[in-house]
């Protein structure tokens, strides 16, 4: 009984596949070709400059000389010819190789720190410089040095002799 169900299922599946327009696909069908001649290198590089090579570190995809990068630029050309947008291509590469291939990390997770910390550090630095300069201008606080009292020279023999010599020269 199971065998009959299996055969019936296969036959019905084949009938449905043949009855639907474009429903049959054979493994030996040639892959459709897309004309990429209309896509310029500038269009490809506009997308590639926003991506980094997943193989080489810190090298933008548009200038990386390796063979994989050449293949990835051709893949970008193909995707542009198929009508993909720049963001869709960037998402495709991010899904394939991770967020490290993106020139600008997405604003999610710990990547928010990249966007938040620089302005916070800048504002904190400006406040610190203002406070230091303000306290220096006032002359109090930790930046001003404590003035030592003048030494008492009335009982010093050397100082007394020096004073006498200076009075004689006047």
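The values are calculated or read from the model by the stated rules, or taken from the named source; none is laboratory data. What you see is a predicted model, and the numbers here were worked out from it, not measured in a lab. So basically every Cβ, Gly included, is an ideal-geometry build from the backbone, and we count neighbours across all protein chains shown.
The table for this structure:
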read-out	value
Matching residues in region 62-84 - criterion: being without any contact (Cβ under 8 Å) to a residue 24 or more places away in the chain and within 21 Å of the chain's Cα centre (by Cα)	62, 63, 64, 69
Among residues of region 44-60, those that are buried (at least 19 other Cβ atoms within 10 Å of the Cβ) and within 14 Å of the chain's Cα centre (by Cα), counted	4
Within region 97-135, tally of residues that are touching a residue at least 40 places away in the same chain (Cβ under 8 Å) and either part of a helix (DSSP H, G or I) or farther than 18 Å from residue 60 by Cα (or both)	3
Subset of region 61-71 (residues that are in a helix (DSSP H, G or I) and surrounded by 13 or more Cβ atoms within 10 Å (Cβ to Cβ))	68, 69
Test for residue 144: is it surrounded by 11 or more Cβ atoms within 10 Å (Cβ to Cβ) and at pLDDT 85 or above	no
